[in-house]
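These notes concern the structure reproduced below.
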Amino acid sequence: MFNCHWYKDFPVVTGQYTNPANWTAHVGFVVRECGSLLGARTLYEKNGRLDAVMSYPNGQVVSNIEWEWIEAQKDTVNEIRKLHARKDQPLFSTFISYCNAAAIESVLEKAQSEWQQADESLLLFIITFEKDSGDRWFKHLNSYRLSGTRLDLVRTQPALSWERPGAVEARPESIHL
């Protein structure tokens, strides 16, 4: 569902710039939409300051969710450890972040190392980019499922709505972010 709703109300139009605040808000909207379709409610900055908690009306936690604009492989990014430390037994946890395309393997190794003792699965949504003069040029949205030590690539798709197959909009080589 996250992959489908990623393009909905996309915060950038072809060839224009947006800022990290708009991307953060966009991720929050996508998370809420996914919760709604699951029959769950999504609350932000909940349960010890998680970015979001998605839960059913009976209180069952569907997913604890964290997202981070800082590149996921950086030592300062501790969201996966924060999710792992939660004791409320969600059905699964979710981490959404960004990384330079060349660092994707480092991100996945870090996630596997930090999640290997967890009881539930971790869904990883990693948006890759290439950097030019400090700006991010988004490339792909990669979706993974991590369960114990098993990591599966579920889907990869263009990160920009106009670069998806069948897109009607103009297809620039990339966008300046």
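Brief remarks on what is shown
- A single member of ALA102, ALA118 is more than 16 Å from the chain's Cα centre (by Cα) and surrounded by fewer than 17 Cβ atoms within 10 Å (Cβ to Cβ), and it is ALA102.
- Any hit, the stretch 90-99, residues being farther than 19 Å from VAL30 by Cβ and either hydroxyl-bearing (Ser, Thr, Tyr) or surrounded by fewer than 20 Cβ atoms within 10 Å (Cβ to Cβ) (or both): no
- Complete set of residues in the stretch 1-37 that are of a type in the set (A, V, I, L, M), buried (at least 16 other Cβ atoms within 10 Å of the Cβ) and modelled with pLDDT of 85 or more: VAL27, VAL30, VAL31
- Residues within the stretch 73-91 that are within 17 Å of TYR44 (Cα to Cα) and touching a Ser or Thr at 6+ places or on another chain (Cβ under 8 Å), tallied: 4
- Entry remark, the stretch 136-166: residues being part of a strand (DSSP E or B), hydroxyl-bearing (Ser, Thr, Tyr) and under 20 Å from VAL27 (Cβ atoms) number 3 in total.
The values are calculated or read from the model by the stated rules, or taken from the named source; none is laboratory data. Treat the numbers as computed from the prediction; the structure is a model and nothing was measured. Glycine gets a Cβ as well: all are built from the backbone with ideal geometry, and neighbour counts include every protein chain shown.
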